[in-house]
Each structure stands twice: as structure tokens, then as C-alpha cells.
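Notes follow once the structure below has been shown.
What follows is calculated from the coordinates using simple rules that are stated; it is not laboratory data. A quick note: this is a predicted structure, and the numbers were derived from the prediction, not measured. Don't worry about glycine lacking a Cβ; one is built from the backbone with ideal geometry, like all the others, and counts go over all protein chains shown.
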Amino acid sequence: ERAGGTYARLAASPLPVWGVLAGKGLACFITMIGVTTLMVGIAVATCGVTVDHPALLAAGVVCVALGFVGIMLLVATLTKTERAAQGGGWGVMMVLAFIGGAAIPSFIFPKILQQVSQISPMYWSIRAFDSGLWRDLTPGEAVLPLLVMLAIGALGFTLAAYSARRA
């Protein structure tokens, strides 16, 4: 969008910065919801996965998508080119995946690394999905990962808006 001039036209429009970011985030959010729903549907239909708590899973899908939309917006506003955004996004997500237990289950980690893994949004997104699929958690245990992902999304959006205003 920067190379093609679309971003300059959006910046010159009467839309506030947060409005431009919200439009970009909405497209990302809808895509994440669609892909996650498709993946869960395939897992249920072909792998025998059962959804023990559909409402918790739906809340998890929404909160996780919002969390990662915030991260995506922040990465996008911090980079100047499409290639930098792709590389930066890939690099950030790979580190978060390894630290958070998406690549290697975190219960295998040494105790100290299990504690460190909690800084990763991947850790909290896995917990959010688990609470809807197979973990039998108390309401307090189930809501914590959802709130963490919402906070990550809000922080990412806020920092992205600040970054976009500076650009």
C-alpha cells in the first residue's frame, strides 16, 4: 500500500488513524475467524475432535483473533516495505511460536522455560483454545487466557496507532 500510494491516499482522507487501522484489522480478523473455523471444522469432521465447550471455544477464537490482529497491525506500522512486514511478521511469529509452546509443547520445557513461555501470545492462545476443546477449567481459569489475548490486541492496536501517527 505504501509503494502503490494507497496508504498516502488513506492518510490524506478524513478518516482518523484508528479508523484506517480498524479497517485493516477487520480484514485480518475476518480471515482469522474463517481459517480457524475451517480448521476446527475439519478436525471435528475428520479427526474425531469434540468441542466440549462451544461457547468457550467461540470466545477463544474471537479473543485470539483480536490479539493477533493487534500484533499484525503493530508489525505492519513499524515496517516501511511489504518485504520488511513479511520478514518481520514471520520472525516475530516464529519466536513467539517456539517460546509459547506451539512448535514444541511447553509442558516438555524445563520449569524456568515454562515460566518464560508465558510472555508469548502463543502460550495464551493455546490455553484459550484448550479451554473450549478439552480442558475442564473453572470459569476463572478459562477467562484468563481470553483476557490476556484481548489485552495483547488492545496494546498492539494502541501502539500501532501511535506508530502510524509518527510515520
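Odds and ends about this structure:
- Karplus-derived 3J(HN,Hα) values for segment 24-39, using 6.51 cos²θ - 1.76 cosθ + 1.60 with θ = phi - 60°, are 5, x, 4, 4, 5, 4, 4, 5, 4, 4, x, 5, 5, 4, 4, 5 Hz; glycine and proline are entered as x.
- From its DSSP helices (H runs of at least four residues, each -39,500 (n - 2.57)), the chain gives a residue-normalised ellipticity at 222 nm of -26500 deg cm²/dmol.
- Cleavage-rule hits (trypsin sites (Lys or Arg not before Pro)) in segment 67-153: DSSP loop, at most 11 neighbouring Cβ within 10 angstrom: Lys80
- Modelled spin-label separation between Arg135 and Leu38, with each label point placed 7 Å from Cα along the Cα-to-Cβ direction: 2.7 nm.
- Over segment 34-79, all Cα pairs binned in 10 Å intervals from 0 give whole-percent P(r) values of 24, 41, 23, 11, 1, listed from short to long.
- With Cα atoms, 0 to 90° folded angle of helix 121-133 axis to the chain main axis: 50 degrees
- Rounded, prolate or oblate (a/c below 1.5 giving rounded, otherwise prolate when a/b exceeds b/c) for segment 90-167 by Cα gyration tensor: oblate
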